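Scroll down for the structure; my scribbles are underneath it.
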Amino acid sequence: MSCPTKRKDKMNLFEQMKTEGHERVLFCSDRASGLQAIIAIHNTQLGPALGGCRMWPYPDAAAALTDALRLSRAMTYKAAMADLPLGGGKASSGAIRKREERSKVDRFRQRGRLARRTVHRGRRCRDRSCRYRPDASGDAACRRTSGRKRGSGDPSPATAYGVFCGMRAALEERFGDGSFQGRKIAIQGIGKVGYALALLLHKAGAKLYVCDMDPERVAAICKVTGADPLLGHEIYRVECDIFSPCALGGFLNERTIPRLSCEIIAGAANNQLENPKAAILLKDRNILYTPDYVLNAGGLINIAEELNGYSKEKAYQKIEAIYDRLKEVFAFAKKASILPSEAADRLAEARLAAGK
Ligand code: NAD
């Protein structure tokens, strides 16, 4: 991952930071481990930034930077809408030199040290592709890391629970009935969140359709829930009540939206809309979009509970409020005749302004 060094790139970055309101962007490089990471802190108006470390094989630094900037901004809005005293931050890292020579725990340990040296306004947690279980020494180097095994643990089940609670609000909004019984739900991505969500939905009586790039994960969930497996592109076309994006962001765009045959979009993936036009396309197709950062805040709420001394019971009670927040978003969207995505943004911005 080589960093943008041309003067023009630097100017563009400052321009982008100014437009989107980012406070700080850190480029970290550790010669010994080969670790390279970008840490973006978007907004600390409501409290210290808390966000995940995403490990991904980014093609270049620009892609890692774009991801960190977009995701850290979403974290600000997510924390605001979850009524948490936290700001938004995110780290992206990839392209690790001498990969084969370094164990994953080594790299996490190094990243913990790097972040400790460089960030004084943030707390970190895990994100996509972080399936490790740090040992004691890894934990020691990551003292400012939340969502560790000895803390609240993997946030994914909590995220799935929040999505499940929020889906109920979306069903009520569209059908006037929040029951999952007999509802058809298509899940794209059976990773940590998608898998846990599928289990909850199955238990609640939904009929599931699933796809993932990993056939083993698909086979495992189909065995447990009786879900119908689909190939990647088939998931868009399946006739269903809810289409649930739980893989990567940006999958809702001009190419995929015309293919959809669903009533509601409600999933865990961050930044599902490729651009603002995607929200308009969904409205034109009369598909109800459930703003992603409101719906997928369960993991963040669970991790934030660590700051009060962790109690799973209390955390899960707070996660259930995602249902109420979505009701608030849908009601405001209706009252102001705006899209749900716009309504969520305005409500989050009002919370940020109030906390200034
Ligand atoms: P994960 O990496 O465990 O799972 C993602 C899954 O999506 C993988 O199994 C992968 O094979 C699959 N996938 C990737 N591209 C695909 C494609 N084109 N078609 C079908 N499947 C595809 O990640 P996760 O932790 O389950 O998170 C899922 C999404 O939810 C991510 O966008 C993440 O940013 C977001 N999210 C996660 C959490 C959390 O607590 N883990 C919290 C908030 C948001």
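The values are calculated or read from the model by the stated rules, or taken from the named source; none is laboratory data. If you're wondering where the values come from, they're calculated on a predicted model, not measured in any experiment. With ideal geometry, Cβ positions are generated from the backbone for all residues, glycine too; neighbour counts draw on all protein chains shown. The area values use the complete protein model at the heavy-atom level, side chains included, leaving out ligands, DNA and RNA. Shrake-Rupley method; radii C 1.70, N 1.55, O 1.52, S 1.80 Å.
Assorted remarks:
- Just the protein heavy atoms count here, and of the accessible area of segment 156-355 at 1.4 Å, carbon and sulfur take up 53 percent.
- Derived scalar couplings ³J(HN,Hα) [segment 180-188; Karplus, 6.51 cos²θ - 1.76 cosθ + 1.60; whole Hz; x for Gly, Pro]: 8, 4, x, 6, 9, 10, 9, 10, 9
- For R54, the residues whose amide H sits under 5 Å from its own are A91, S92, S93, ignoring neighbours fewer than 5 places away on the same chain, with H placed 1.01 Å from N.
- Inter-site label distance for D60 and A336 at 7 Å from Cα along Cβ, in nm: 3.7 nm
- Protection proxy ranking, highest mean first, for peptides 282-295, 225-238, 63-76: 63-76, 282-295, 225-238, where packing is the per-residue count of other beta-carbon atoms within 10 Å, averaged.
- Residues of type aspartates and glutamates that K207 reaches as a straight line, Cα spacing below 14 Å, ignoring anything fewer than 8 places off in the same chain: D228, E239, D241
- Stretching the chain fully between A354 and N286 yields a gain of 21.2 nm (0.36 nm per residue, less the alpha carbon separation).
- HN-Hα J in Hz across segment 258-274 - Karplus 6.51, -1.76, 1.60, θ = phi - 60°, x for Gly and Pro: x, 7, 5, 10, 10, 9, 9, 10, 8, x, 8, 4, 7, 6, 5, 7, 5
- By the rule of a C-alpha distance below 16 Å, with chain neighbours fewer than 8 residues away ignored, the aspartates and glutamates paired with K335 are E173, D345.
- Put simply, when 209-219, 16-26 are sorted by average Cβ atoms within 10 angstrom per residue, most first, you get 209-219, 16-26.
- Rounded to the nearest 20, the size of the Cβ-charge dipole of segment 283-340 about its Cα centre is 300 debye, with Lys and Arg at +1 and Asp and Glu at -1.
- Distance between segment 309-356 and segment 236-261 - C-alpha centres, whole angstrom: 23 Å
- For segment 57-68, putting each phi into the Karplus relation 6.51 cos²θ - 1.76 cosθ + 1.60 with θ = phi - 60° gives couplings of x, 4, x, 7, 5, 4, 5, 5, 5, 4, 4, 4 Hz, in residue order, rounded to whole numbers and with x for Gly and Pro.
- L273 long-range amide H proximity, modeled H, under 5 Å: G250
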